[in-house]
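**Student:** What follows is a structure written as C-alpha cells; I'll ask about it next.
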Amino acid sequence: MAYDPVARHQLIVKNVVQKKVGGDLRKYYRFRRDRWYGGIITADCAGCGLTCKFCWVRGESILEGRAPGEFLSPGEAAERVLKLMKEHKVRQARISGGEPTLGRSHLFPFLNVFQHKGARFILETNGILIGEDETYAQELALYPFVHVRVSLKGCTEEDFARLTGADPRGFHLQLNALRHLKKAGVSAHPAVMVSFSSPEAVDRLYSSIWKIDPIMHSRVEEEQVILYPHVEERLRRAGLSYHSGQVPEKKKGKDSREEEPEG
C-alpha cells in the first residue's frame with residue numbers, strides 16, 4: 001500500500017533527531033572525502049523518508065535510522081566537516097547518505113557554522129519537505145553559499161510511485177520544491193533518475209521543468225541507476241527493469257563513494 005511521503009519523513013525524524021535547545025542532534029554514520037563535484041567532503045546522515053528501490057545505500061536500517069551512528073550537535077558535525085576540508089584542501093561540503101532536510105532545527109544551525117568560511121555547500125535532497133513547506137526554501141535563501149540539488153525520483157507520478165512505493169502525488173511535491181526554490185532565489189538544479197522512464201516521459205518532464213524555470217531546464221542532471229550488486233538484487237526482488245544503468249567503478253579507498261556504504 002502506498003505511503004504518505006510527508007508523514008513518513010516525519011516518522012523517520014523520530015529515529016534520527018534528538019531535540020536540544022540551540023540546535024537538535026542528528027544521527028550521522030560516516031564523514032569522508034569524495035571525488036564528486038571535483039572534490040567534496042561528505043557527512044553521511046542516517047534516515048530518509050522515501051524507500052527508493054534503486055537506492056545505493058546498502059542498509060535499510062540506515063535509511064530507517066535504526067543503524068548505529070552518532071548523534072551530533074550542529075557544531076560538532078560542522079567542525080568534523082571543516083576539519084576534513086582543511087586536511088584535504090577542499091572547499092565544498094555536503095550532507096548525503098540519507099535525507100538532509102530531516103531535522104530542520106539541526107540543518108540551519110549546521111549551515112550557520114559555514115557562514116563566511118569561503119565554502120560552497122551542496123544540499124542534496126529529495127525535495128519532499130521543501131515542496132511541502134515553502135518557508136523551507138525561504139530560509140535556505142539566507143545562505144547564499146548553498147546550492148540545492150533536487151533528486152527527482154522518475155519522470156512521472158507513475159514512475160515516482162513505482163520507484164519509491166509512495167503516493168504518486170509526492171512527485172508534485174518534488175516539482176513544488178523546484179518552484180519554491182526558484183521563487184525564493186535559491187541556487188538549485190534538478191537531478192532526474194531516467195533509468196526507468198521512457199523517452200516520452202523524460203521529454204514531458206523536461207517540458208514541465210522549463211515551465212518552472214528555463215535556467216533549471218538547461219541544468220538538468222540526468223542520473224543513471226548505479227548497478228552495485230546489492231542494488232541489482234534489490235531491483236530483482238522488486239521486479240523492476242531498467243533501460244540504462246551505470247557500472248560502478250572499482251573502489252578508490254575508504255574515503256570514496258564507490259565503496260559500498262556500511263550497513
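**Student:** Please report Rg (one decimal) and Dmax (integer) in Å for the Cα set of segment 171-215.
**Tutor:** Cα only, segment 171-215: 11.0, 32 Å (Rg, Dmax).
**Student:** Here's a follow-up. If the convex hull of the alpha-carbon atoms of segment 107-263 is projected onto planes in all directions, what is the mean projected area in square nanometres? Present the calculation step by step, with values, prior to reporting the outcome.
**Tutor:** Details: hull surface 42.6 nm².
Projected area, direction-averaged: 10.7 nm².
**Student:** Give the carbon-plus-sulfur fraction of the accessible surface of the chain in %, rounded to a whole number; probe 1.4 Å, heavy atoms of protein chains only.
**Tutor:** 51
**Student:** Here is a further query. Roughly speaking, what is the stretch gain from H172 to R104, that is 0.36 nm per residue apart minus the C-alpha to C-alpha distance, in nm to one decimal?
**Tutor:** Stretched fully, the H172-R104 segment lengthens by 22.4 nm.
**Student:** With springs only between Cα atoms under 10 Å, which of V186, V231, V21 fluctuates most in a Gaussian network model of the chain?
**Tutor:** Comparing V186, V231, V21 in a Gaussian network model of the chain, the most mobile one is V21.
**Student:** Another question, if that's okay. Amide H of V192 versus every other amide H placed in the peptide plane: which residues, excluding those fewer than 5 positions away on the same chain, fall under 5 Å?
**Tutor:** HN-HN under 5 Å from V192: L152, E221, E222, E223.
**Student:** Let me ask something else. Please calculate how many Å² of accessible area the chain carries per residue, with a 1.4 Å probe and no DNA, RNA or ligand atoms counted. Numbers along the way, then the final one.
**Tutor:** Values: 11970 Å² over 263 residues.
I get 46 Å² per residue for this part.
**Student:** Note down the Stokes-Einstein diffusion coefficient of segment 73-178 in µm²/s, whole number, using a Kirkwood radius over alpha carbon pairs, 4 °C, and 1.567 mPa s.
**Tutor:** The diffusion coefficient I find is 88 µm²/s.
**Student:** For segment 35-88 and segment 183-238, write down the distance between their C-alpha centroids in whole Å.
**Tutor:** 22
**Student:** Kirkwood hydrodynamic radius (Cα pairs, Å) of the chain? All intermediate terms of the calculation are to be shown ahead of the outcome.
**Tutor:** Numbers: mean 1/r = 0.0538 Å⁻¹.
About 18.6 Å for the chain.
**Student:** Could you tell me the calculated FRET efficiency between R204 and R91, based on Cβ-Cβ distance and R0 = 41 angstrom, to the nearest 0.05?
**Tutor:** 0.65
**Student:** Taking the Cα atoms of segment 19-105, what is the range of coordinates along each of the three principal axes, in descending order and whole Å?
**Tutor:** That works out to 36, 34, 20 Å along the principal axes.
The values are calculated or read from the model by the stated rules, or taken from the named source; none is laboratory data. Since this is a predicted model, take the numbers as computed values, not measurements. Every residue, glycine as well, gets a Cβ built from its backbone with ideal geometry; the counts of neighbours run over all protein chains shown. What goes into the accessible areas is simple: the full protein's heavy atoms, side chains included, and nothing from ligands, DNA or RNA. Shrake-Rupley method; radii C 1.70, N 1.55, O 1.52, S 1.80 Å.
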